[in-house]
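> The structure follows.
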Amino acid sequence: MTPEDRFEVGILVARRRLKGPWASHAWLPVAALPAAAQAEPWTRLSETEDEALFYAGAHEVRLHIAETAHYRDNLVSGRPSLWVTLHSRAEDTYEVASVTADPYEGESMAEGIGEIVEAVPMPPEVQAKLLAFFEAFHIERTFEKRKRDRADPEALARRTPGSQGKPE
């Protein structure tokens, strides 16, 4: 049986109150569910004075054979994570733009301006799917350092001025 190369996870997002003078609150991905929930996207799950928790909806995670070494790095990191990107649609409204299990892709997504990217804990069920994909498709590649051709210093010395780089 071939392991899944794509599956859905549910994303939980918090709106946290801030105490600074420039913003009243901040949006932050806080958790991933092992599967999509039956709730409508942006359903409020709980609310306190300082934080409201929302089910932001389901999003697909795609796994790629060329990234299996990255998935291994994530699984053995001590804190397997999914990287969730929130993209602003309008003032104070967001959508889940992407979810990835590749830590290096997650790091590069964090370099964008205007998007919110957070690493959230990977549920054990998703870890099992990632491990099955890794075990089915990973091929260990050895690193081979390339050797450069050595320049011939005598070849440069034999040129005469005005010869347009042609040896004598």
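> Quick one: in the stretch 76-86, of everything that is crowded, with 17+ Cβ neighbours inside 10 Å and hydrophobic (A, V, I, L, M, F, W, C), which residue is modelled with the lowest pLDDT?
Among those that are crowded, with 17+ Cβ neighbours inside 10 Å and hydrophobic (A, V, I, L, M, F, W, C), it is LEU86.
> Looking at ARG89, ARG62, ARG44, ARG72, which is the one that is surrounded by fewer than 16 Cβ atoms within 10 Å (Cβ to Cβ) and closer than 26 Å to ALA136 by Cα?
ARG62
> Show the residue pairs meeting these rules: Cβ distance below 9 Å; 6+ apart or different chains; first residue within the stretch 22-46 and under 15 Å from THR100 (Cα atoms); second residue exposed (fewer than 13 other Cβ atoms within 10 Å of the Cβ) and among the small types (Gly, Ala, Ser).
From residues that are under 15 Å from THR100 (Cα atoms), there are no pairs.
> Sticking with this structure for a sec: When the residues of the stretch 118-168 are filtered to those that are of a type in the set (Val, Ile, Thr) and at pLDDT 85 or above, which remaining residue is farthest from SER77 (Cα to Cα)?
Selected residue: ILE139.
> Further question on the same structure: Taking the condition out of contact with any Gly (no Cβ under 9 Å at 6 or more places or on another chain), more than 30 Å from LEU130 (Cβ to Cβ) and not in a strand (DSSP E or B), does PRO3 pass?
Against the criterion (out of contact with any Gly (no Cβ under 9 Å at 6 or more places or on another chain), more than 30 Å from LEU130 (Cβ to Cβ) and not in a strand (DSSP E or B)), PRO3 does not qualify.
> Answer yes or no as to whether GLU51 is under 21 Å from the mean Cα position of the chain (by Cα) and in contact (Cβ under 8 Å) with a residue 24 or more places away in the chain.
No; evaluated as a whole, the condition is false for this residue.
> Failed condition for TYR104, given (1) surrounded by fewer than 18 Cβ atoms within 10 Å (Cβ to Cβ); (2) at pLDDT below 95; (3) within 15 Å of the chain's Cα centre (by Cα); (4) not hydrophobic (A, V, I, L, M, F, W, C), with all others met?
(2)
The values are calculated or read from the model by the stated rules, or taken from the named source; none is laboratory data. None of the values given here were measured: they were computed from a predicted structure. All Cβ positions, even for glycine, are placed from backbone atoms using ideal geometry, and neighbour counts span all protein chains on display.
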